[in-house]
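Enquirer: Sharing a structure, written as structure tokens. Questions coming.
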Amino acid sequence: MSSIGPRLVIAHDGGLLTLDATTGEIVADVAHPGFLRLNNAGDGRHVFVSDGDVFRLFDAGIQARAHGDHHHFYTSEIGLTGTTFDAPHAGHVVVHAGRTALFADGTGEIQVMDSRFAGDPLRVVEHHATTDPHHGVAMVLADGSLLTTQGTEDERRTVQVLRDGAVVAETTDCPGVHGEAAAAPTASGDVVALGCTNGPVVLRDGAWHKVAVPDAYARSGNLFVHEASSVVLGDYKVDPDADPVERPTRIALIDTRTNELDLVDLGSPYWFRSFARGSQGEALVLTYDGELKVLDEQGSVRHEVPVIAPWEEKARWQDPGPLVKAADGLAYVTDAAAHTVSVVDPSSGTVTATHQLPVTPVEMVVVTGHPETERPAG
């Protein structure tokens, strides 16, 4: 077929629902127990499901193949493929520069594959290891180097870049390291920001740079990028003892070229699932008042779009709450309380559709058929 709309894969208590993002039609509902976390696999078709001590591969049944100056789209059976990757305390999945890295918090093991072949039974999987188990993350850079955190279950503050097993760049000034984002590269290569509790760090031109912050405790543990932007969007928390949760209203805009951080007060709190980036680099943030705030890279609010009813973050982060994802110029906002997903056009600031769901959404990814990342030429 010549075209097909994006699909939304939604984790709920009992399985994985796949929805046509344009029409709202349910195209599959696959039963599977447990608390399931979702990440795009990188090939535009598959989704990695973090399920306890294993990563499971889910086929969203959509694929785009280049044909001259256009693409042909193909559909396939939707469901769990049976392919699994053992990973005690399966954690972060990071797709970058055409490679997908899986991190096991329980062992510190890293599994890396070419994103194009995530669904291929003959895929080659590279295995790497950190010094100790910890809640960490890894990313393969465009030149093939491995960026990874180092730490223990009690403390983590180190980020390294490894080339052929040797450390070529390291920072130990990132306590509580959490969250990674690859911004627009420079002529020298990758630019990566990571969140810390004393302000972010940025890898640029092969060296680490510290971002100054105005608070002694300043955690930006969730970072979001647009591939053509040097500005990283992040959360910003200042209370290490918040009970049960901190309800920040300020967001961080991190300029990875100047190592500067600007704070923007949105006037209403958010949580870690509130964020996405638009196709033009817009910062998208869903706040407690039910509005999707659309900001430019300088922090100016372009639209405040009423999408869902006012809400609040629950005490347990695993409990269902609203979330935001974006792809192909549109944003998708779930409402766990109303069992809906709404489609928002950030450029016009309008809600173009709202689809009713038969389940309570917990997590969601958007699958378009097109790879989420491309491997560099050469």
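The values are calculated or read from the model by the stated rules, or taken from the named source; none is laboratory data. All of these numbers come straight from a predicted model, not from anything done at the bench. A quick note on method: Cβ atoms are made from the backbone with ideal geometry, for glycine too, and the neighbour counts reach across all protein chains shown. The area values use the complete protein model at the heavy-atom level, side chains included, leaving out ligands, DNA and RNA. Shrake-Rupley method; radii C 1.70, N 1.55, O 1.52, S 1.80 Å.
Condition check ((1) touching a Pro at 6+ places or on another chain (Cβ under 7 Å); (2) surrounded by fewer than 22 Cβ atoms within 10 Å (Cβ to Cβ); (3) without any contact (Cβ under 8 Å) to a residue 60 or more places away in the chain) across all residues:
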| position | (1), (2), (3) |
| --- | --- |
| 276 | no, no, yes |
| 332 | no, no, no |
| 352 | no, yes, yes |
| 355 | no, yes, no |
| 367 | yes, no, no |
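Enquirer: In segment 235-252, how many are crowded, with 16+ Cβ neighbours inside 10 Å and in contact with a Pro (Cβ under 7 Å, 6 or more places away or on another chain)?
Expert: 4
Enquirer: Of (1) open to solvent by 60 Å² or more (accessible area, probe 1.4 Å); (2) under 20 Å from the mean Cα position of the chain (by Cα); (3) of a type in the set (Ser, Thr, Tyr), residue 229 satisfies all except one. Which?
Expert: Of everything listed in (1) open to solvent by 60 Å² or more (accessible area, probe 1.4 Å); (2) under 20 Å from the mean Cα position of the chain (by Cα); (3) of a type in the set (Ser, Thr, Tyr), residue 229 misses just condition (1).
Enquirer: So which residues in segment 253-274 are touching a Ser or Thr at 6+ places or on another chain (Cβ under 8 Å), open to solvent by 30 Å² or more (accessible area, probe 1.4 Å) and in a loop (DSSP other than H, G, I, E, B), if there are any at all?
Expert: Across segment 253-274, the qualifying residues are 257, 267.
Enquirer: Looking only at residues in segment 206-226 that are under 21 Å from the mean Cα position of the chain (by Cα) and open to solvent by 30 Å² or more (accessible area, probe 1.4 Å), which one is farthest from residue 188 (Cα to Cα)? Even if it seems obvious, please write down each step before you answer.
Expert: Of all residues in segment 206-226, those under 21 Å from the mean Cα position of the chain (by Cα) come to 218-226.
Among the residues that remain, those that are also open to solvent by 30 Å² or more (accessible area, probe 1.4 Å) are: 219, 224-226.
Details: 219: 28, 224: 22, 225: 19, 226: 19 Å.
Ranking the qualifying residues of segment 206-226, first place goes to 219.
Enquirer: Then there's this: Test each condition in (1) more than 30 Å from residue 117 (Cα to Cα); (2) modelled with pLDDT of 95 or more; (3) over 15 Å from the mean Cα position of the chain (by Cα); (4) not polar (S, T, N, Q) for residue 315 and report the one that comes out false.
Expert: Failing condition for residue 315: (2).
Enquirer: Counting just the residues of segment 79-125 that are within 22 Å of the chain's Cα centre (by Cα) and charged (D, E, K, R), which one comes out most open to solvent (accessible area, probe 1.4 Å)?
Expert: Ranking the qualifying residues of segment 79-125, first place goes to 116.
Enquirer: Report the residue count in segment 1-54 for those that are open to solvent by 10 Å² or more (accessible area, probe 1.4 Å) and of a type in the set (Ser, Thr, Tyr).
Expert: Residues flagged as open to solvent by 10 Å² or more (accessible area, probe 1.4 Å) and of a type in the set (Ser, Thr, Tyr) within segment 1-54 amount to 4.
Enquirer: Taking the options 101, 21, 64, name whichever one is closer than 26 Å to residue 376 by Cβ and in contact (Cβ under 8 Å) with a residue 60 or more places away in the chain.
Expert: Working: 101 fails: in contact (Cβ under 8 Å) with a residue 60 or more places away in the chain; 21 fails: closer than 26 Å to residue 376 by Cβ.
So the residue among 101, 21, 64 that is closer than 26 Å to residue 376 by Cβ and in contact (Cβ under 8 Å) with a residue 60 or more places away in the chain is 64.
Enquirer: Collect the residues in segment 160-205 that are under 17 Å from the mean Cα position of the chain (by Cα) and among the β-branched types (Val, Ile, Thr), keeping them in residue-number order.
Expert: Within segment 160-205, 177, 191, 192 meet the criteria.
Enquirer: Residues that are more than 20 Å from residue 224 (Cα to Cα): find the strands (runs of 3 or more DSSP E) completely inside segment 285-340 holding 1 or more of those.
Expert: Values: elements: 291-295, 301-306, 324-327, 330-335.
Those strands (runs of 3 or more DSSP E) span 301-306, 330-335.
Enquirer: Under 7 Å between Cβ atoms, at least 6 apart or on separate chains: pull out the pairs that start in segment 241-262 with a residue that is more than 16 Å from residue 225 (Cα to Cα) and end on any residue that is open to solvent by 80 Å² or more (accessible area, probe 1.4 Å).
Expert: 249/265; 250/265
Enquirer: Among the residues of segment 149-164, what is the count of those that are part of a strand (DSSP E or B) and closer than 25 Å to residue 212 by Cβ? First the steps, then the outcome.
Expert: If we filter segment 149-164 for residues that are part of a strand (DSSP E or B), which is where we start, we get 149-151, 156-163.
Now restrict to residues that are closer than 25 Å to residue 212 by Cβ: 149-151, 156-161.
So the answer is 9.
Enquirer: A follow-up question, please. For segment 226-283, how many residues meet the condition of being within 18 Å of residue 325 (Cα to Cα) and charged (D, E, K, R)?
Expert: 5
Enquirer: Residue 167 is checked against (1) touching a strand residue (DSSP E or B) at 6+ places or on another chain (Cβ under 9 Å); (2) assigned to a loop (DSSP other than H, G, I, E, B) and fails just one. What number does that condition carry?
Expert: If we test residue 167 against (1) touching a strand residue (DSSP E or B) at 6+ places or on another chain (Cβ under 9 Å); (2) assigned to a loop (DSSP other than H, G, I, E, B), just (2) comes out false.
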